[in-house]
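Asks: The structure under discussion is supplied below as structure tokens; questions concerning it will follow.
The values are calculated or read from the model by the stated rules, or taken from the named source; none is laboratory data. Because the structure is predicted, anything quoted here is derived from the model rather than measured. Cβ: placed from backbone, ideal geometry, glycine included. Neighbour counts: every protein chain shown.
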Amino acid sequence: MENARDILKKIRRIELKTRGMVAETFSGQYRSVFKGRGMNFEEVRQYQPGDEVRSIDWNVTAKFSEIHGDAYVKKFTEERELTVMLVVDVSASGDFGSVHLSKRELAAEVACLFAFSAIRNNDKVGLILFSDHVELFIPPKKGRLHTLRLIREILYFEPKGRGTQPAVALRYMNQVLHRRSVVFLISDFQAPDFSRELSVSSRRHDLIAIPIIDPREEELPDVGLLTLEDAETGEQIEVDTSDSSTRAAYLNLVEKRRNEFLKELRRQRIDSISLSTDRDYLPALRGFFEQREKRLMLQ
């Protein structure tokens with residue numbers, strides 16, 4: 001059990017690491033790929049060469065054309081402020097980690113990076129922690145101290161549930177978020193089908209799914225008889241890992257489940273960022289931002 005000093009030290013380390021990444025790499029990209037909720041009317045002014053003809057306010061133009069002989073256009077500015085919601089899986093399977101980070105610690109670092117990108121751009125950030133039910137909801141707010149609280153909760157909140165039910169979290173989120181938001185859904189997605197909730201949420205919000213895996217979960221080691229325990233249900237089975245066909249069948253099952261989930265995301269046109277505890281997450285995040293920028297340029 002970590003003491004208060006160790007907890008603060010870990011949170012501070014994550015803050016320094018991710019704030020540096022945001023300042024050096026992601027702040028500008030974040031701003032360019034996540035748009036505000038819409039456009040705010042600012043003023044009516046005289047038409048100038050280069051203005052969109054579609055922006056002409058014909059009512060105002062008709063009113064003043066006899067006096068000034070000019071057309072008038074409506075000027076709008078982007079409503080820049082966003083709401084970012086971090087929806088993070090804190091089920092028992094997230095505590096697993098065969099490398100230097102557990103899945104939950106990796107989730108905290110990535111969530112912290114997005115949170116600091118948001119507050120650097122004066123956006124609000126909120127948090128939903130879930131297992132087989134919603135464990136915690138923190139409404140969106142701004143500020144560094146608020147963000148540090150979110151990271152502390154992701155790392156150290158003690159959930160009552162052990163299972164994984166993203167469907168429950170998404171349904172709850174859609175009830176409490178009344179405006180379109182940017183949503184990062186972070187989980188290992190070892191869960192029953194929730195494609196319907198994905199569909200509803202992606203229509204209401206800009207939803208990005210972030211699957212997190214650990215390499216030890218992807219394949220069985222050749223170590224003879226091994227007792228495996230499901231972290232969420234406590235169920236145990238004994239497996240002969242020296243049998244190559246057993247190892248191959250396990251690998252095929254894992255790959256099939258992962259590929260089906262990614263295929264469902266693509267079918268619903270939901271962006272995803274796949275991360276692993278044994279790999280640097282920066283290249284995957286850079287790739288996500290670069291792909292989004294290219295797509296927006298083509299629109």
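Asks: Name the helices (runs of 4 or more DSSP H) wholly within segment 84-193 that hold at least 2 residues that are surrounded by 21 or more Cβ atoms within 10 Å (Cβ to Cβ) and charged (D, E, K, R)? So that I can check it myself, show each step before the final result.
Replies: Values: elements: 103-120, 144-156, 166-176.
In segment 84-193, 103-120 are the helices (runs of 4 or more DSSP H) which contain 2 or more residues that are surrounded by 21 or more Cβ atoms within 10 Å (Cβ to Cβ) and charged (D, E, K, R).
Asks: Out of S98, S131, report the one residue that is on the phi < 0 side of the Ramachandran plot, at pLDDT below 90 and hydroxyl-bearing (S, T, Y). Outline the logic, then answer.
Replies: Working: S131 fails: at pLDDT below 90.
So the residue among S98, S131 that is on the phi < 0 side of the Ramachandran plot, at pLDDT below 90 and hydroxyl-bearing (S, T, Y) is S98.
Asks: Which members of segment 130-146 meet the condition of being of a type in the set (K, R) and within 12 Å of V84 (Cβ to Cβ)? Steps first, answer last, please.
Replies: Going residue by residue through segment 130-146, those that are of a type in the set (K, R) are 141-142, 144.
Result: K141, K142.
Asks: Output the residues belonging to segment 266-286 that are among the aliphatic types (A, V, I, L, M) and either loosely packed, with under 15 Cβ neighbours inside 10 Å or in contact with a Pro (Cβ under 9 Å, 6 or more places away or on another chain) (or both).
Replies: Keep residues of segment 266-286 that are among the aliphatic types (A, V, I, L, M), which gives 270, 273, 275, 282, 284-285.
Within segment 266-286, I273, L275, L282 qualify.
Asks: What number goes with the only condition from (1) more than 28 Å from K160 (Cα to Cα); (2) at pLDDT 85 or above; (3) of a type in the set (G, A, S) that S276 does not pass?
Replies: Going through (1) more than 28 Å from K160 (Cα to Cα); (2) at pLDDT 85 or above; (3) of a type in the set (G, A, S) one by one, S276 breaks only (1).
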